[in-house]
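Report on the structure given below.
Any read-out appearing in this document is the output of simple, stated calculations on the displayed coordinates, not a laboratory observation. In this text, all values refer to a predicted model and were calculated from it rather than measured experimentally. Here Cβ is always computed from backbone atoms with ideal geometry, including for glycine, and neighbour counts include all displayed protein chains.
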Amino acid sequence: MEKLLRELQHADVLRQTRRHFLQSAGFGLGTLGLGSLLGSCGPSAAGDAAGAGDPLASAGIPQFAPKAKRVIYIHMAGAPSQLELFDYKPELEKYHGKDCPAEFLEGKKFAFIQGVPKMLGPQGKFARYGQSGAWLSDYLPHLQTVADEITFLKAMHTDQFNHAPAQLLLHTGSARLGRPSLGAWAVYGLGSENRNLPGFIVLASGGRQPDAGKSVYGAGFLPSVYQGVQCRTGGDPVLYVTDPKGMNRNIRKQTIEAINEINRQTYEEVRDPEILTRISQYEMAFRMQMSVPEVMDVSKEPQFILDMYGVKPGEGSFGMNCLLARKLVENDVRFVQLFDWGWDGHGTNATDNVEGGLRSKCEISDRPIAALIKDLKMRGLLEETLVVFGAEFGRTPMQENRNGVVMPYMGRDHHLEAYTMWMAGGGVKQGHSHGETDELGYYGVKDRVHVHDLQATILHLMGFDHEKFTYPFQGRNFRLTDTEGKVVKQVIA
Amino acid sequence: MLVPLLDASPWALFIGRFHPVLVHLPIGFLLIAALIELGRRTGKIAVSESTVVFVLFWSAVSATFACVAGYLLSLGGGYDEDLLGAHMWKGIGVAVFAWVAWLVKSDRIGSKIAFGKAVYLPAFAAAVVLTMTAGHDGGSLTHGDGYLTQYTPEPFRSLAGMDPIEEKAKEVKPITDIQQAVVYKDIVQPILEARCTQCHNASKKKGDLRMDELALLMKGGENGPALVPGKGAESDMIKRCLLDESDDNHMPPKGKPQLSTEQIALLAWWIDQGAPADKKVSELTVPDPVKPALASLGGGSASGGSGAAKQKESAIATLKVSPAKEADIQALRKAGLIVNTLSQDQNLLEVSAVNAPNFTDKDIALLIPLAEQITWLKLGGTQITDGALKDVAKLKNLTKLHLEHTAVTDNGLAEIKALPHLEYLNLIDTKVGDAGLKNIAASKTLRSVYIWQSAVTDSAVAQTGRQNPALQIVNGFSQAEVAQFLKAGDSTATKPVASKK
């Protein structure tokens, strides 16, 4: 025991001397490293590293005037079938039940399909809507009413056929962990427009988080102050946001000030930027105690708004998240990320399929999405706010035959060659369709858009040249689109 | 060797294309020779006569080659006959007179010619003058008649009796209502002018085809008719556009701006419909595949209230102002306002009072030092009244103005209607009424105004909307619209009609 104690003391002395050495000798070195870490070359992030201020208060400067000041990104995790909703393929109907042509299978890998699957005709009834003549199915009766606001990207494609890596690729530009997400880049580049709310808020529904976890809205190697803040959809939006009994606002304020003072001293000593993040988060949390319950309170919304979104105050749902997203952008939150889980229509059971299962997911989501667009428009927000809808990949024109067995329900496997996403508002064309797939919806044959191209386009709409918007980390400049991506100019109004 | 060259063989065209390269040699040589001669005769420089004669010799040689190449180039065809003839004979004249001037001075022959000395200067002068005029004709052949003097400035313009400069009168005017657009004049002709008529016009009719007038387009060129009315797919002009770009018969030629798929679809559709001269879109049948192409022209939903698909660029894309003083920005931040710079290099500012609900008319003076820089201003939900708008009117580069949930009225709007760049105005939940809307709608730059929960009446929205089709007036939803929305299956486009909740 005594021996152990002595060993402990010895270790302590060792650690202390090392720390002291680093503190005295390495101070210059440390600040040097920090300077290079924070002296980012992308946006002129003035004040970003300057002093122990609030990193969110002073914004960066975009390379050109943004068309989209804010983004609402609706991600349907699991990936809905484009062939049932957006990409009408009458030819596929004719091949329904026939063997998949060999050329579609040679050298291809699928998540579950094995051997030779059968083709699966579209399950929805399609028609053209709006003056733009957008093809939409009867799964989306409400989206039809806003078709003329939307630009469809019909030939999206990606590199990954499993949920988690594909979600990471879509949101962080890389299929591996560790990169900042689109929302983090946006807030890092543009700053927050409201001092009392986080610049990047995440709302999830569908009973599960996206497969890739919190990394899809993380800050990666950016200071963690830029990561997405997840709020709850029902009840208290942020847990423990109200002061406990016996704690009044003044005591809370003093407590936080004291903690921050200590943190500031530590920052002066070690200059770890994460300390700044912590300080600003304490301050933000204090302000959020007032601002968040107010912003997230839907009880004062007019009844017809609640009806259009199909929500009841106090009950969390995807519809509620759409309404909250509107309220958040109304209060100038820069980036609102919505996730909804439950779109993985393999056909394995009564909910995960492209017939009834997909239909009931659409019944829950179609109306609030259309209501969101109408609501944004009515309030003069749509032209400043980019709404993005989509998933990590699409679904195959073939019916899934997991383990060589035909599934009990109509289902499709993950498909990376071609799928549909759409954007509305925020400087994209109204009533436009970009890209085409082949007659069976397998490959994009015209104007294909890779997820990196989508990222480049979203950044462009927010005022950034994706090739110049970088952050130095581990010896090189990183960017969201890595080494790829091309802005899809044709969809910009 | 020479005989096959005289046909339009590949060799002939290959050499012919060198005409623009070769032609500059005699021009330079002759002028140099003339300058040296001038300097010699006025005693400014000390050079022998043989120097001039040497340069003259090479002028004559290069002029001869230029003539040959020029003739071979002309075999390719497509030039205005009269102009070409004048250019050719003047060019030949340059070569001939250059040879004459050289001959009379040359060592061997010069002494044998009688009156040689008397001929020298006139021949030399003729060569120089002809070089100028032939050069001008050549320029007109390449760039079109009147290219040189197109932008003659005043007062020389009126002195020369020229018409005032056309202010790009051909500029395509935006289509406000696609259904009322005349297909040839508003859709087809602008495409042809943008992509075809540069080479198929009055002075440069390549392939003997002119596309600048409908009748001439119908007539066709040396390869027969350019189009077969009623049969787009069989029409030469469509087939050529659809050929692979590397194909020799592809049009427009490789390297020139190409037609988009939509443009080709529109041309083919117009021909399919019989290539009418004055039919409107609404009078023709529009098959489904053509609809997106038509929609891409904009104005597709002028009656649907969802605005033109193609807007003209906002003023903020081009505005550039001097940098703001940091102290002025800090003063705003101290007052609780958020100040962001819109983009690098432009120095425009975005100012928001979203965290300053107690902002009043008195605080508005803080904005004045930044009157040049502020282009987006959000004062929604603050305590401001009409009094503040007097100062807002001084923010001359303002493009977006949020006044929602404030006490502003028609009187205040009268103050800001003259803002020269205002594009966006949010008046939701204000006291603004019909008079205010009509007043502000007179603005030429304003694109969208939001008036839900204001005092504007439905009839004023409808009337103002009719008078200003380019202005998007967005109101709230009527109860009927909400009910219709809630009923699934509604297939009409969004149409924010008057009447509020």
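The table for this structure:
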{"item": "Histogram of C-alpha separations across region B:316-486, 10 Å bin width, %", "result": "10, 39, 32, 15, 4, 0"}
{"item": "Nonlocal amide H pairs with residue A:433, under 5 Å, H built at 1.01 Å", "result": "A:152"}
{"item": "At least 18 Å along the helix axis (C-alpha) and Kyte average at least -0.5, DSSP helices within chain B", "result": "B:24-41, B:49-75, B:81-105, B:116-143"}
{"item": "Distance in nm between pseudo-label sites at residue B:81 and residue A:242 (7 Å out along the Cβ direction from Cα)", "result": "9.5"}
{"item": "Sites residue B:11 and residue B:40, calculated FRET efficiency, Cβ-Cβ separation with R0 56 Å, nearest 0.05", "result": "0.85"}
{"item": "Contour minus Cα-Cα distance for residue B:462 and residue B:213 (0.36 nm per residue)", "result": "85.6 nm"}
{"item": "Under 14 Å from the residue B:405 label point (7 Å along Cα→beta-carbon), backbone N, region A:351-388", "result": "A:379-381"}
{"item": "Local electrostatic count at residue A:348 - Lys and Arg +1, Asp and Glu -1, tallied over other residues with Cβ under 14 Å", "result": "-2"}
{"item": "Under 5 Å, built H, 5+ apart or other chain: amide partners of residue B:378", "result": "B:351, B:352, B:353, B:402"}
{"item": "Overall form of the protein assembly as shown per C-alpha gyration tensor (a/c, 1.5; a/b vs b/c)", "result": "prolate"}
{"item": "Rounded tilt (10° steps) of A:249-270 against the dominant C-alpha axis of chain A", "result": "80"}
{"item": "Separation of alpha-carbon centers, region B:184-232 and region A:372-414, rounded to whole Å", "result": "46"}
{"item": "Inter-site label distance for residue A:93 and residue A:489 at 7 Å from Cα along Cβ, in nm", "result": "3.9"}
{"item": "Residues residue B:143 and residue A:349, FRET efficiency given R0 of 60 Å [Cβ-Cβ distance, rounded to 0.05]", "result": "0.25"}
{"item": "Shielding by partners, peptide A:222-232 (average Cβ within 10 angstrom, other chains)", "result": "0"}
{"item": "Label-point separation in nm, residue B:150 to residue B:330, each point 7 Å along Cα→Cβ", "result": "5.4"}
{"item": "Potential lengthening between residue B:132 and residue B:250 on full extension [0.36 nm per residue; Cα-Cα distance subtracted]", "result": "38.8 nm"}
{"item": "Average partner coverage of A:428-435, which counts Cβ from other chains inside 10 Å", "result": "5"}
{"item": "Estimated 222 nm signal from helices in chain A, with DSSP H stretches of n ≥ 4 weighted -39500 (n - 2.57), rounded to 500", "result": "-10500 deg cm²/dmol"}
{"item": "Separation of alpha-carbon centers, region A:425-493 and region B:340-418, rounded to whole Å", "result": "34"}
{"item": "Additional length obtainable on full extension of the chain from residue B:185 to residue B:317, 0.36 nm per residue less Cα span", "result": "44.5 nm"}
{"item": "222 nm mean residue ellipticity, helices alone, for chain B (DSSP H n ≥ 4; -39,500 (n - 2.57); rounded to 500)", "result": "-12500 deg cm²/dmol"}
{"item": "Integer Hz, Karplus 6.51/-1.76/1.60 couplings in order for region A:404-419, x for Gly and Pro", "result": "x, 9, 6, 5, x, 10, 5, x, 10, 8, 5, 9, 9, 6, 7, 7"}
{"item": "Residue-count net charge about residue B:212 - beta-carbon cut-off 10 Å; Lys, Arg +1, Asp, Glu -1", "result": "0"}
{"item": "With Cα atoms, 0 to 90° folded angle of helix A:273-295 axis to chain A main axis", "result": "60"}
{"item": "Centre separation in Å (Cα based) which lies between region B:314-335 and region B:112-158", "result": "56"}
{"item": "Cα-based helix-to-principal-axis angle, A:2-25 vs chain A, degrees rounded to 10", "result": "90"}
{"item": "Amide H partners (placed H, <5 Å) of residue A:79, local residues excluded", "result": "A:343, A:392"}
{"item": "Most positive-pole-ward Cα, B:360, B:455, A:291, against dipole of the protein assembly as shown from beta carbon charges", "result": "B:360"}
{"item": "Sequence-separation-based contact order of region B:316-486, relative, with Cα cut under 8 Å and 6+ spacing, percent", "result": "14"}
